[in-house]
Amino acid sequence: MLRVKEGDLYPMGLLFKRYHRELFGFFYHMSGNPDASEDMVQTAFYRMIKYRNSFTGHGAFRSWMYQLARNVLLDHVEHNKRSARQHNVEDYAERIGGGTLADELLQKTEQATQLRNALARLSEAHREVLVMSEYQDLKYKEIAEILNVTEGAIKTRYHRAMNELKTIYLKNEDER
Amino acid sequence: MKMNDKHISCEQAKEWLTDALKGELSSEDQTVLDAHVVQCPECQRELALTRDVRNWLQTDETPEPSSGMESRFYNMLTIAEQENNVQTPNVPPEQVGPFHFTRKPMVWMQVAATILLLGVGVIAGYWLRSRKAGDELAQQKIDIMAVQMQEMRQMMMLSLLDNSSAVERLQAVSLSTELDKADGKVIEALLTTLNYDTNTNVRLATLEALIRYTDEPQVREGLIASLALQDSPMVQMALADLMVKLQEKRSVKALRQLLRQKGIRKTVKTKVEQSIIQLSSV
Ligand SMILES: [Zn+2]
């Protein structure tokens, strides 16, 4: 992996092959916007190429990649705030709502829409820990390494986020 | 200690439930948890709820990224390799994937440039043959070619910069570094890009391209003015660094204003404060 550092860009192609879907998933679940997510993947790899010297070789490559990805996401969020664009809940609902729908699919769509609304209501930190854990399949320990906090702190944060989501879930059930 | 003796509270059990479903509970704790859940209806309900919520989370499926994503990446990688002067190793095609420019304008511009340069060459050659080709004339020919090349690059750069694709704008910026000298038009275009491009990478690359021209007063003033316009922490910090490197004392006022900007990131703040100190100390 250290070859990435040594001016030889060839490994970047392999890294892209291996991780671009995973990164896309991270950006997608955090932003709800597939197009923006593709741009963010591109930006993340651009920065990996550009700042490959900052990868010390200590710790996992994946952690370094996620640390970089979080910054890309932060820039995206701030930029969107400035241009007063909203989180993409409507876009999302529209996208998965298109096409012919069987009842089952309709129900799934509804659930997914509710989920996006629920996730959008969580704090950034809570959403992040859920996305990393549930969609990216990262272990507590790995998340802790990426966010540079203790494993205990991540566990607590995850449980809180999960509880919050459970509350929203139950409320939705009541309203149904 | 015998495990069967260990009892846990419902609160503890609920935490462990989540960990267990994530596959992050030790087998010892799992045994203790199972013993509790078996005889506790409340925790059984919690288990069902946790499962439901995790299933609910799975309803948000990740869509397929578009096929263009991969080619855009290789496009960018190629540019990076060129900038790096790194020789591309012989990579088997299935590992590199299809490389092609994603949009036509770039290819079209290259073809146009080649044709134009060929044309210049033919005319120059004709012109040379019709006279006696002395050293001076040969030099003139080279000069004309150089001017044409410069103009062509500049034209390509300006038109690419006006593109909706961030990758192509990046290409444009990298092209600008091949210009021997930048005229006002190019500098103006670069400064506009630095201030208003929607893509942070393009702005960062533009800043790097502009460093070559910091001897020009127009560029210096543009960079100072840009401090007030940047919203990306990366660009803000890069600009602050550059101001110190250039020992640009006139920037202190703009840097101070940046500090007062709403929602300025802590890392940026620290960097800017350091920069102000460094600029004021000499
Ligand atoms: Zn219990």
Considering only B:Val38, B:Cys10, B:Leu49, whose Cα is most displaced toward the positive end of the charge dipole of segment B:10-54, charges sitting on Cβ of Lys, Arg (+1) and Asp, Glu (-1)? B:Leu49
Sort A:Asp39, B:Asp29 by Cβ crowding within 10 Å, fewest neighbours at the top. B:Asp29, A:Asp39
For the peptides B:168-181, B:63-76, what is the packing order when you average, over each peptide's residues, the other Cβ atoms within 10 Å and list the highest mean first? B:168-181, B:63-76
Over all residues in B:244-255, what is the mean tally of Cβ atoms on other chains that come within 10 Å of each residue's Cβ? 0
Quick calc: nm separation of the 7 Å Cα→Cβ label points for A:Val77 and B:Ile211 -> 3.0
Taking each residue in A:40-48, count the Cβ atoms of any other chain within 10 Å of its Cβ, then average. What number comes out? 5
Distance in nm between label sites at B:Lys245 and A:Tyr51, each 7 Å beyond Cα in the beta-carbon direction? 1.6
With a Förster distance of 45 angstrom and the Cβ-Cβ distance between A:Arg62 and B:Arg256, calculated FRET efficiency to the nearest 0.05 equals 0.65
Residue-by-residue Karplus 3J(HN,Hα) for segment A:21-37, coefficients 6.51, -1.76, 1.60, Hz, glycine and proline x: 5, 4, 5, 4, x, 4, 5, 5, 6, 7, 9, x, 10, x, 5, 4, 5
Find which of B:Gly184, B:Thr206, B:Asn195 sits farthest along the positive direction of the dipole of segment B:178-230, computed with +1 on the beta-carbon of Lys and Arg, -1 on that of Asp and Glu, about the Cα centre. B:Asn195
Of the listed pairs A:Lys155/B:Lys266; A:Lys81/A:Lys108; A:Lys108/A:Lys171; A:Lys17/A:Lys155, those with alpha carbons more than 20 Å apart are A:Lys155/B:Lys266; A:Lys81/A:Lys108; A:Lys17/A:Lys155
Using a 10 Å cut-off on Cβ to Cβ distances, tally the other chain neighbours for every residue of B:42-53 and report the average as a whole number. 2
So what J values fall out for segment B:52-62 if you push phi through Karplus, 6.51 cos²θ - 1.76 cosθ + 1.60 with θ = phi - 60°, rounded to Hz, Gly and Pro as x? 4, 5, 5, 5, 4, 4, 6, 6, 8, 7, 6
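A short reminder: the numbers here are calculations on the coordinates, not readings from a lab. Fair warning: this is a prediction, and the values are worked out from it, not measured in the lab. Neighbour counts run over all protein chains shown; Cβ positions are idealised from the backbone, glycine included.
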